[in-house]
1. Using a 1.4 Å probe, what is the accessible area per residue for the stretch 147-269, in Å²?
2. Once the chain is represented by equal point scatterers at the alpha-carbon sites, with solvent omitted, what log10 I(q)/I(0) does the Debye formula produce at q = 0.12, 0.14, 0.16, 0.17 Å⁻¹?
3. For the stretch 15-94, with all protein chains present and a 1.4 Å probe, just round the carbon and sulfur fraction of the accessible area to a whole percent.
4. For Ala151 and His40, what does the FRET efficiency come to when R0 = 41 Å and r is the distance between their Cβ atoms, rounded to the nearest 0.05?
5. Name the residues whose placed amide hydrogens come within less than 5 Å of the amide hydrogen of Val180, ignoring near sequence neighbours (fewer than 5 apart) on the same chain.
6. Considering only Ala140, Ala238, Ala92, give the residue with the highest GNM mean-square fluctuation for the chain, with springs between Cα atoms whenever their separation is below 10 Å.
7. Work out which GluC sites (Glu not before Pro) in the chain are exposed loop sites (DSSP not H, G, I, E or B, at most 15 other Cβ within 10 Å) and give the longest gap free of them.
8. Calculate what fraction, in whole %, of the accessible area of the stretch 110-251 sits on carbon and sulfur atoms when a 1.4 Å probe is rolled over the protein chains.
Amino acid sequence: MKEQNYLDHLVGVFGQPVAENPGVVIQDAAFEAMGLKRWHFLTLDVDKDKLGDAICGLKAFKMRGINCTIPHKIEVMKYLDEISESARLIGAVNMIVNDNGHLFGENTDGKGFMMSLESNGIEVRGKKAVVFGAGGAARAICVEMGLAGAADIMIVNRVQDRALGNALMEIIQKNTKSEVHYVDWDGPFAIPEGTDIVVNATSVGLYPDVDAIPNIDLDSIKPEMFVQDVIPNPTESAFIKEMQRRGIPCATGAGMLINQAALNIEMWTGRKPDKGVMYKALEEALS
Ligand code: NDP
């Protein structure tokens with residue numbers, strides 16, 4: 001007789017708005033390819049003031065884990081038993097693992113970024129990076145690069161958010177050995193010679209504003225540099241297409257997102273998913 005075990009293993013995402021979050025498409029494709037028939041990813045609309053109830057639900061249903069997106073990434077930290085070092089420095093958690101009621105919080109935004117660099121053969125230790133933006137993604141990326149031993153990180157952000165940039169600079173200064181600078185972004189920015197890694201960590205180019213390119217002096221980006229974008233939708237942003245046209249080595253935000261989702265699955269199931277299957281599912285969902 002066949003084994004009769006119909007127990008469901010639940011993971012998912014808490015957010016609001018969350019309906020357009022493509023996590024389910026990527027994760028379900030991975031589960032299917034892995035033969036994990038009873039694993040399900042739920043897209044859950046959770047009100048800002050109901051996060052505590054949602055966490056109780058997660059524990060009651062013995063959900064294996066959850067992703068958190070806007071507006072819960074900071075608030076959720078108070079419900080957790082343990083938080084990774086980088087998530088604590090970033091000040092936000094976007095994924096939780098539930099080990100029999102013990103909730104561990106991680107921030108996989110910056111980890112997906114590091115995995116993307118690694119899969120392109122880019123080492124961070126001792127390197128000079130320029131990061132555009134000082135929001136959540138930039139924070140995660142700068143913290144991970146700092147902890148990984150980057151020699152120099154230059155944060156470039158619009159004047160109106162100098163406070164955010166300064167706060168981020170302080171985190172890197174206090175907690176890592178990297179040199180860190182903050183520069184106001186008030187015109188086409190020329191990438192300094194000797195830069196190794198250039199990161200667009202702004203939302204410039206995100207759907208529906210798909211023709212927008214960050215205000216960078218593109219001629220200052222040289223083929224010996226590596227460009228990483230964070231934009232996941234479209235899967236190839238206008239900036240990345242321009243880099244490809246110019247022969248600059250680069251990687252997409254979609255690839256970063258897939259790495260992040262793959263890490264979620266590995267932390268939840270203990271198994272590595274097929275990233276190719278996940279990327280294809282994302283491309284189909286966004287086409
Ligand atoms: P935030 O809102 O926290 O930050 C947005 C950043 O973009 C700010 O620094 C903001 O600058 C800057 N910005 C927005 N518009 C412009 C503009 N016209 N010119 C210059 N700077 C601009 O968002 P997040 O950091 O959470 O997300 C940023 C992007 O990263 C999003 O597109 C998101 O989809 C993507 N992302 C991708 C991930 C992946 O795995 N691929 C993971 C996480 C995020 P200012 O402070 O001056 O407003």
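The values are calculated or read from the model by the stated rules, or taken from the named source; none is laboratory data. Predicted model only: the values in this text are computed from it and were never measured. Positions of Cβ are backbone-derived with ideal geometry, glycine not excepted, and every protein chain shown enters the neighbour counts. Please note that ligands, DNA and RNA were not included when accessible areas were found on the heavy atoms of the full protein model with its side chains. Shrake-Rupley method; radii C 1.70, N 1.55, O 1.52, S 1.80 Å.
1. Result: 45 Å² per residue.
2. Taking Cα atoms of the chain as identical point scatterers yields -0.76, -1.03, -1.31, -1.44.
3. Numbers: 2280 of 4240 Å².
Answer for the stretch 15-94 is 54 percent, counting heavy atoms of protein chains only.
4. Given R0 = 41 Å and the Cβ-Cβ separation, E is 0.40.
5. Close amide H contacts, sequence-distant or interchain: Ile153.
6. Among Ala140, Ala238, Ala92, the largest GNM mean-square fluctuation belongs to Ala238.
7. 21-122
8. Working: 3090 of 6390 Å².
Solvent-exposed carbon and sulfur of the stretch 110-251 make up 48 percent of the total.
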